[in-house]
1. To check you understand DSSP bridge types, tell me what percent of the beta bridges within the protein assembly as shown (both residues inside) are antiparallel, rounded to 5.
2. For residue B:70, which sequence-distant residues (separation of 5 or more, or a different chain) have an amide H within less than 5 Å of its own amide H, given hydrogens modelled in the peptide plane?
3. Would you work out the relative contact order for chain B, in percent, from Cα pairs under 8 angstrom that are 6 or more residues apart?
4. Output the 0 to 90 degree angle, nearest 10, between the alpha-carbon long axis of helix A:88-113 and the longest principal axis computed from the alpha carbons of chain A.
5. Would you compute the Debye intensity of the range A:73-221 from its alpha-carbon atoms alone, equal scatterers and no solvent, and pass along log10 I(q)/I(0) at q = 0.16, 0.18 Å⁻¹ to two decimals?
6. In the range B:142-158, which residues have a backbone nitrogen under 14 Å from the label point lying 7 Å from residue B:185's Cα in the Cα-to-Cβ direction?
7. Quick one: divide the alpha-carbon radius of gyration of the protein assembly as shown by 2.2 N^0.38 Å and tell me what you get.
8. Which is the longest part of chain A that has none of the chymotrypsin sites (Phe, Trp or Tyr not before Pro) sitting in a DSSP loop with at most 13 other Cβ atoms within 10 Å?
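The values are calculated or read from the model by the stated rules, or taken from the named source; none is laboratory data. Quick caveat: nothing in here was measured; it's all calculated off a predicted structure. Reconstructed Cβ throughout: ideal geometry from the backbone, glycine too, with neighbour counts over all protein chains shown. Side chains included, ligands, DNA and RNA excluded: accessible areas come from the protein's heavy atoms. Shrake-Rupley method; radii C 1.70, N 1.55, O 1.52, S 1.80 Å.
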Amino acid sequence: MAADFLLQGETISRLLVGLSVTLRISLVSVALSLPMGVLMGVLFTRRNPLLRAVLRVYLEFIRVMPQLVLLFIVFFGSATMLGLNFSGEVASVIVFTAWGSAELGDLVRAAIESIPRSQYDSAYALALSRRQAFLRVILPQAVRRLLPPSVNLVTRIVKTTSLCMLIGVVEVVRVGQQIIDFYRFDYPYGALWTYAALGLLYFAICWPLSLLSRWLEKRSS
Amino acid sequence: MIELRHVSKQYRTRKGAFDALIDINLRIDDGDMFGIIGESGAGKSTLVRCINLLDRPTSGSIVIDGRDVTGYQGRELRAFRNSVGMIFQDFSLFQQRTVLDNVTFPLEVMHVDRGEARRRATALLERVGIADKAQSYPSELSGGQQQRVSIARALINEPKIMLCDEATSALDSRTTIQILDLLRDLNREMGVTMVHITHSLDVAMRVTNRIAVIDRGRIAEEGPTDEVLTSPQSETTRLLIAHSKGTVSDEEVL
C-alpha cells in the first residue's frame with residue numbers, strides 16, 4: 001500500500017504534535033478574542049463618535065490586511081523596529097487575537113444593533129435601569145444571534161493558522177511537509193497521501209464546529 | 001389623573017430641528033379609556049412615550065395625580081414607571097424566556113419572592129386567558145396570544161395607568177376585537193386608566209370614551225369619542241373619517 005508510511009515510525013505522533021500546536025494557537029487566540037471582541041462590540045454601540053472612529057479604523061485595518069502580512073509585520077517588524085523578539089507562536093497568537101477580536105467585535109456590534117428598539121423601550125417601561133436592560137434583556141438576545149457566526153469565526157481561525165508555518169511555526173501543515181520531504185524518494189505519491197491526511201485532520205476539527213453552528217442557528221430561529 | 005401641560009418635544013435631526021409635539025395640553029381622568037388618533041407621523045407615539053418619560057418633553061410638564069414627574073431620574077423614575085404599564089405593536093416579549101418567565105420578569109428584577117411572583121403571574125395569565133401556554137416560548141404563540149402575554153406582563157405591578165401603542169395594529173380583525181374587549185374588561189375590573197394610540201377609527205370607536213385627534217404635533221380636536229366622530233369640528237378629523245370610509249381620493253389627502 002502506497003500510504004503505509006503514514007503508519008510508520010513516528011509519523012502519526014508527529015502529526016498529532018503539529019495538530020496540538022495548531023489547536024494551541026487557535027484556542028488561545030479565541031480565548032483572548034472573546035472578552036476583547038465583546039468589549040469592542042459593546043463600545044462600538046456607544047454613541048461616542050471618537051470611539052467609533054478609532055474602532056472602525058482598527059477593524060478596517062485588520063480586515064484589509066492579509067493575515068500573512070500581519071504575521072510578517074508582527075514577527076519581523078517587532079524585531080527590527082521595536083527590538084522585541086517574539087517566538088513564532090507568540091506572534092501568531094497576537095495576530096489571530098487581533099483579527100479574532102476585530103471580527104468578533106463587529107459580530108457583537110451587529111447582534112446588539114439587530115435587537116429592535118422596542119425591546120429597550122419595553123425594558124425601560126418595565127422600570128429597568130439602563131444597565132439592567134442591557135445585561136438582562138438585550139445581551140441575552142444578542143448572544144443567541146451571535147453564537148452561530150462566532151462558531152464559524154473559530155473554524156476560520158483554525159484553518160488560517162496554517163499560515164503560521166511561514167514565520168517558522170511548526171504546526172500541522174508544516175509537519176506534513178517535513179514528512180513529505182522525508183519520504184520523498186521512497187514514496188512518489190507521498191505528498192498526495194499526506195495532504196489527504198491533513199485534510200482529514202482539519203475536517204475532524206472543523207466539521208463538528210460547522211455542525212454546532214448549524215444547530216445553534218436552527219435553535220435560535 | 002394624567003395631565004400634560006404645554007408639552008413640546010423637539011428632535012434634532014441632521015436636517016435641522018423637528019417639532020414632534022407643539023404645546024400639548026391634555027387631561028386624562030382616572031378610569032378613562034382615552035384614544036389618541038392621527039395619521040402616522042402625527043406625533044401620537046411621541047405623546048404617549050412622554051407620559052412614562054421614554055421620551056422627555058423639551059418643555060412643559062407631565063403631571064400624574066398632581067405630582068410633576070417630568071424631572072424624575074434614577075430610582076424615582078423607575079418607581080414611577082412601575083405604576084405605568086405599556087404594551088407595543090410588536091408585543092416586545094423576551095424571546096429567550098417562557099411565557100411565565102416573561103410575566104414574572106419585572107418582579108424578578110425587583111427581587112420579589114419567586115413563589116409569590118409565580119402565583120401572581122399565573123393568576124394574571126389565567127385572567128387574560130392564556131394560562132395553558134405558561135411554559136411555551138413566545139415564538140410558539142400567535143400574535144393575539146403574544147399580546148395577551150404582554151398585557152399580563154404590563155399588569156403584573158398593578159399599574160394605575162396603561163399605555164397601548166398601536167396594540168392591535170399587527171393583528172387580524174377578529175383577534176383585534178378579542179384583544180380590545182379584553183382591555184376594556186380589564187379597564188372596568190381593575191380601574192386601570194388606559195391610553196390607546198391608534199390610527200384606526202374602528203379601534204377608537206370600540207374601546208375609547210374620549211379621544212384627541214393629533215395633526216402635525218398639535219391637538220386638532222378633543223372630546224367624547226362619539227361626539228368627535230359623529231360631528232367632527234376639525235378638518236383633520238373629517239379627513240380621517242372620510243379616509244377610513246374610503247370616500248376620499250389620494251389627491252384630496254395630499
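1. Counting DSSP beta bridges with both partners in the protein assembly as shown, the antiparallel share is about 55 percent.
2. Here the answer is B:62, since their amide H atoms fall under 5 Å of that of residue B:70.
3. Numbers: 456 pairs, mean separation 64.3, N = 254.
Worked out over chain B, it gives 25 percent.
4. Taking Cα atoms only, the helix is inclined about 30 degrees.
5. -0.97, -1.07
6. So the set is B:148-149, B:152.
7. Working: Rg = 30.6 Å, N = 475, 2.2 N^0.38 = 22.9 Å.
Normalised by 2.2 N^0.38 Å, the Cα Rg of the protein assembly as shown equals 1.34.
8. Details: sites that count: A:185, A:189.
The answer is A:1-184.
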